[in-house]
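Presented below is the structure to which this report refers.
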Ligand SMILES: [Zn+2]
């Protein structure tokens, strides 16, 4: 599982999807950023 943060509602969630979708607001694509194990955004 990889960790992601939604830039729209701010939650963090885990997903195995190639194109993860926020479970709260349904955002995807550029609104979702991948996080490393320390919770920092992966560029
Ligand atoms: Zn969201």
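Every number here is computed from the coordinates shown, using simple stated rules; none is lab data. No experiment lies behind these values; they were computed from the predicted model shown. When we count neighbours, we look across all protein chains shown, and the Cβ atoms used for this are built from the backbone with ideal geometry, even at glycine.
With the highest mean first, a sort of the peptides 13-19, 1-7 on other beta-carbon atoms found within 10 angstrom per residue produces 1-7, 13-19.
Site pair residue 41 and residue 14 shows an inter-label distance of 2.4 nm when each label is modelled 7 Å from Cα along Cα→Cβ. Using C-alpha pairs under 8 Å with a sequence gap of at least 6, the mean separation divided by the residue count of the chain gives a relative contact order of 38 percent.
Expressed as a whole percent, the proportion of Cα-Cα pairs in the chain lying more than 13 Å apart is 42%. Modelled this way, with points 7 Å down the Cα-to-C-beta line, the labels at residue 28 and residue 1 are 2.0 nm from one another.
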